[in-house]
Amino acid sequence: MPVSDPAPVPDPGSGSPPEVAKQSIFSDRNFLLFLVGQCITTQGLWIQKIAMSWLAWSLTGSAFWTGVIAALNFAPAFFLGPIFGVMADRVDLRRTAMLLNLGQAAISFLLMGLSYAGMMTLPWMVALAGAMGILGSAMTPVRLSLVPVIVPRAFMSRAVAYAAMNFNISRLVGPAVGGVVIATWGTGAAFMINAISYLPMVFIISVVTIHMERASDAKSLRIWAALVDGARYALRHPMIRSVLALSCFVSLVGTGMVELMPVFAEAVYGRGVTGLGMLASAAGIGAVTSTFILSRIASDALAYQRVTILGAFAAALGMTGLGFAPWYELAVVLVAVTGGGLTLVGVGSQTALQLTVDNRLRGRVMSFWSASSFGGMALGGTLLGAISEAGNIQHTARGSGVLILCAACGGLWRLYRIGALTRVGASR
């Protein structure tokens, strides 16, 4: 029977005794192994990401094509993410995660070979960035569904926050390392590092304990019916609907703008690949700071929704300032503020959803989050790249900042409305 009741249902078997919540999450072997694997993989991912952006700019000298290549890493999540979310509620998570990691490693090895052979062209970049994007969009709902079945529910908010902190520390270190690697050994070495980084994760996934509790109807619905069921659930739940809308819009006009950092580094400030690495690392510093703040917040969905809105205000401030910054050093600071704000939106919205969603529809709802977040980033990177190609990228940044500010005000109003409705319901 389709699930339409928006009230969250506790995970079967997830009720943890009070003493579990008082323990350190790092005492959990499963999570520790998973975090180590993610740490290695995400370092390689950010090294490859900076290599792809720099190679696209070097081959074309075009803000539009730089935005397109960046978008292709995420665009499939917008179109295919919900389908993959349905599959995540049905498939063997362990086997699927291992196969997807091996597939991503294979594409990175192919990128390495083409780069070393001097055969890299724009069509190859488009094809391989798209292939990597498809595998990544399939992996996202699987990865988000793995966290709740690897750690106890009492650890879930901390698990999401620390996984995000790991991602953003990699975002801090990876681009800086990538810039040095590219300047010293070329893009082929960057692709090779990323390819190798997937292999430890494959081993770790094969040995961690996964407690998968499936709904009785997980495989009984057809894909389309299951997708509609998940969409109906998300749209009827006030908090889920509001969080998804804000994260989608901020990704569209905020994170999409960050994808054009190669243009800022070279065309605006003339700092080359090392300047790009510094800007990317500055965004990582802001992100790490934000994830540390998030790790100190209690497991309360409403608290994370408030943080998401605060993050939107911070991102609006940083992005608007970046549109006016005359000096590179000031731009580095403003990119850090922007990165911190965008991380509060991204991780805060993800955690709010993880703490709210019915476990029977987790893969589907989290795929809507990945589709709205990564799809918005992809579409935004392409559109903002095209706008910047026709005009001035700093003017585009100013416009993005104003739009994020409007979204933050809208999110604040929605939060007030949800609180007001809750109080009215309670008084009855």
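The values are calculated or read from the model by the stated rules, or taken from the named source; none is laboratory data. Note that the structure is predicted; figures quoted are calculated from it, not measured. Here Cβ is always computed from backbone atoms with ideal geometry, including for glycine, and neighbour counts include all displayed protein chains. Heads up: the accessible areas ignore ligands, DNA and RNA and are worked out on the full protein's heavy atoms, side chains in. Shrake-Rupley method; radii C 1.70, N 1.55, O 1.52, S 1.80 Å.
A compact table of results
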{"read-out": "Qualifying residue in the range 87-104 (condition: more than 20 Å from LEU199 (Cα to Cα), out of contact with any Pro (no Cβ under 9 Å at 6 or more places or on another chain), hydrophobic (A, V, I, L, M, F, W, C) and in contact (Cβ under 8 Å) with a residue 40 or more places away in the chain)", "value": "yes"}
{"read-out": "Complete set of residues in the range 30-58 that are over 30 Å from SER206 (Cα atoms) and either modelled with pLDDT under 85 or open to solvent by less than 10 Å² (accessible area, probe 1.4 Å) (or both)", "value": "SER53, TRP54, ALA56, TRP57, SER58"}
{"read-out": "Positions within the range 8-19 being assigned to a helix (DSSP H, G or I) and modelled with pLDDT under 50, in sequence order", "value": "PRO18"}
{"read-out": "Residues that are surrounded by 24 or more Cβ atoms within 10 Å (Cβ to Cβ), at pLDDT below 85 and hydroxyl-bearing (Ser, Thr, Tyr), drawn from the range 340-358", "value": "THR351"}
{"read-out": "Leading residue by the ranking (farthest from TRP369 (Cα to Cα)) among those in the range 244-262 that are open to solvent by 10 Å² or more (accessible area, probe 1.4 Å) and among the aliphatic types (A, V, I, L, M)", "value": "MET261"}
{"read-out": "Where GLY376 falls short, out of the listed (1) in a helix (DSSP H, G or I); (2) open to solvent by 30 Å² or more (accessible area, probe 1.4 Å)", "value": "(2)"}
{"read-out": "The lone exception for TYR269 - which of (1) modelled with pLDDT under 80; (2) hydroxyl-bearing (Ser, Thr, Tyr); (3) open to solvent by 20 Å² or more (accessible area, probe 1.4 Å) it fails", "value": "(1)"}
{"read-out": "Residue, farthest from ALA154 (Cα to Cα), within the range 275-286, restricted to residues that are at pLDDT 80 or above and open to solvent by less than 20 Å² (accessible area, probe 1.4 Å)", "value": "GLY275"}
{"read-out": "Count of residues meeting criterion [surrounded by fewer than 21 Cβ atoms within 10 Å (Cβ to Cβ), under 21 Å from the mean Cα position of the chain (by Cα) and either at positive phi or not aliphatic (A, V, I, L, M) (or both)] in the range 173-198", "value": "0"}
